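Notes to accompany the following structure.
Bear in mind that the values in this text are calculations on the coordinates, not laboratory data. What you are looking at is a predicted structure, and each value in this text was computed from that prediction instead of being measured. For neighbour counting, all protein chains shown are included, and Cβ atoms are generated from backbone atoms with ideal geometry for every residue, glycine included.
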Amino acid sequence: MIDPKLKQNGPITIVDNILHAGEIEELDNWFGSYLSWGLGYDMQEYGAKSATLCRSLQWDMWIWKHQLIEDTRLVLRKRLKEYFDIDIPYFQRCLINNFKFGDSPMWHKDAPSNKKALTMMVYPNKVWDLNWGGYTAFGWGSEDADWVALPKPGRVVLFPGNINHCGIAPTKVHEGYGRFSMAYQDGSDHAPVMDPSLLKKSESQKVIKQVSYEEGKQTRRLQEAKELSATDVYEYKESLQKDRAKIYDLEEDERT
């Protein structure tokens, strides 16, 4: 059983206990075994000095080994509506992060020019201690932090896409592989997107290259997500999966 709790911290909505312990453990295990990290940074001004392990994935890339990202969105969309009457939009992308001690994330805005955009942050670490740091700081201005959210296991944080915020690296005493987060972002001009047909599609070949054939066989899932009804988004992803073999065949022909 879950017992979701909601609290408001300025413009920040914090929801705890909305994921089962087993779901959090599944997410934590997925992050801990993830091998496809890239390097990214929030401000070009600092370049590689502020680079951290991350991966930016458009909505139609949440398939195969990234299926857990879509499953989490589906489950949270259902439960946030059921418990708190919160309507979660269809997000354009998800940024997954793995902060380490010594990292230097920068202050930034996910959707600086869109007042209607929303970000949904999920913290998937199954264990977190207050002294490990790793919180996210928020502020409307550019000179101060007005609110913070600690990365409690399974915590969900909703905040405006145009608010200034910054992830904080874990402290030296942190025990674990990293401070993980999933940031579902709505950068679309149509934000908030409640109709999935308004989402911008990626090139199918680019999507399919996200995952190798072998990795695609090892898809992690959240149980409840399997039971949710299919949407236009699922139908589109299913069509991509059918095209996948064709594209691999074409690439094999080109190599030979």
(request) Mark the label point 7 Å from the Cα of LEU198 along Cα→Cβ and return the residues of the range 77-99 whose backbone N is within less than 14 Å of it. (result) 88-92
(request) Using label points projected 7 Å from each Cα along Cα→Cβ, tell me how many nm separate LYS100 and GLN8, to one decimal. (result) 4.1 nm
(request) Mind computing the radius of gyration and Dmax over the alpha-carbon atoms of the range 46-126? Å is fine for both. (result) 14.7, 43
(request) Can you tell me the order of 49-62, 189-202 when each peptide is scored by its average per-residue count of other Cβ atoms within 10 angstrom, highest first? (result) 49-62, 189-202
(request) For the pairs LYS81/LYS109; LYS81/LYS172; LYS81/LYS116; LYS7/LYS49; LYS116/LYS201, note any where the Cα-Cα span goes beyond 30 Å. (result) LYS81/LYS172; LYS7/LYS49
